[in-house]
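The values are calculated or read from the model by the stated rules, or taken from the named source; none is laboratory data. Please read these numbers as outputs of a predicted model, since none were measured by experiment. Here the Cβ positions follow ideal geometry from the backbone for every residue, glycine too, while neighbour counts run over all protein chains shown.
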Amino acid sequence: MLLEYNRITSSTSACAKLCTRTTGVTFLTLEDEFGTINVVVWSDLAERQRALVLGARLLGVSGTIEKADDVLHLVAAQLEDHSALLRRLVTTS
């Protein structure tokens, strides 16, 4: 059973795993300090923002949350490259 929420969310990732299917769907697994979420990116969006999907070091995703059984998916409506924000981090070694 699929339950769709009419809600928009954003998730920023420190780690992404990418898997593209021949059906034209790209799946991303995003991870941040709160956990992981599966992101569905339909082919038209993935093609328009291919460079961003492959090259962003910090990725923002807005879309619709869907729940099938106990699994949450974020169906992407918009992708944003937030990699520039990483330059503001202070690191010490």
Subject >> Hits in region 73-93 - residues which are modelled with pLDDT of 80 or more and of a type in the set (Gly, Ala, Ser) >> reply: Ala76, Ala77, Ser83, Ala84
Subject >> Considering residues of region 45-72 that are among the β-branched types (Val, Ile, Thr) and either over 29 Å from Leu89 (Cα atoms) or assigned to a strand (DSSP E or B) (or both) only, the residue modelled with the lowest pLDDT >> reply: Val71
Original post:
So Thr64 fits all but one of (1) in contact with a Lys or Arg (Cβ under 8 Å, 6 or more places away or on another chain); (2) surrounded by fewer than 16 Cβ atoms within 10 Å (Cβ to Cβ); what number is the exception?
Top reply: (2)
Original post:
Arg7 fails exactly one of the following numbered conditions: (1) at pLDDT below 60; (2) surrounded by 11 or more Cβ atoms within 10 Å (Cβ to Cβ); (3) more than 10 Å from the chain's Cα centre (by Cα). What is the number of that condition?
Top reply: (2)
**OP:** From (1) polar (S, T, N, Q); (2) surrounded by fewer than 14 Cβ atoms within 10 Å (Cβ to Cβ); (3) at pLDDT below 80, pick out the condition that doesn't hold for Ser13.
**Re:** (2)
**OP:** Given the conditions (1) modelled with pLDDT under 85; (2) surrounded by fewer than 16 Cβ atoms within 10 Å (Cβ to Cβ), report the number of the one that Trp42 does not fulfil.
**Re:** (1)
